[in-house]
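No lab work stands behind these numbers, since they all come straight from the coordinates. Keep in mind that what you see is a predicted model, and the values were worked out from it rather than measured. Cβ atoms come from the backbone with ideal geometry, glycine included; neighbour counts cover every protein chain shown.
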Amino acid sequence: MSMKETVIQKLQQQIDVWKKEIETQKARLERKKAEAESRQAGSKLQEEVKKNVDAIQEDIDKGREKINELKDAGEERAKELQKQISSWLK
C-alpha cells in the first residue's frame, strides 16, 4: 500500500471515530436533556453539545477535503499533506 493510500485509510478511520463521537454526543444530549429538564437547564446543555457536534462535523469535513486532496496529489504533495494531518490522527 502506498503512503498516500495509507494516509487516506487513516483519515477515513479518523472520520469514522469522529462520526461515533457525534453519536456519543447526541446520546449524551438526550440523556442529559432528560435530566436537565427537571432543572430547567436543557437549553444551555443543548448549546454545549451542539457546539461539540459542530466542531466534530467541521473536523469530518476537513478530513474529507484532505482525502480528496490526497487522492489527486503527487507523492511530494502527499508527503506535505501527511505532515499537516498527522496531528489529527489518534
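In a simple Cβ point-charge model (Lys, Arg +1; Asp, Glu -1; nothing else charged), segment 3-85 has a dipole of about 300 debye relative to its Cα centre.
In loop segments of segment 1-40 as defined by DSSP, the trypsin sites (Lys or Arg not before Pro) with at most 16 further C-beta atoms inside 10 Å of their C-beta are Arg39.
Using 0.36 nm per residue and subtracting the Cα-Cα separation, the extra length available between Thr6 and Ala55 on full extension is 15.1 nm.
Among the listed pairs Lys19/Lys71; Lys20/Lys50; Lys20/Lys79; Lys19/Lys83; Lys19/Lys62; Lys26/Lys66, those with a Cα-Cα distance over 19 Å are Lys19/Lys71; Lys20/Lys79; Lys19/Lys83; Lys26/Lys66. Net charge of the neighbourhood of Glu69, taken over other residues with C-beta under 12 Å away and scored Lys/Arg +1, Asp/Glu -1, is +3. Only Cα sites of the chain enter the Debye sum here, all with the same form factor; the resulting log10 I(q)/I(0) across q = 0.11 1/Å is -0.42, listed in q order.
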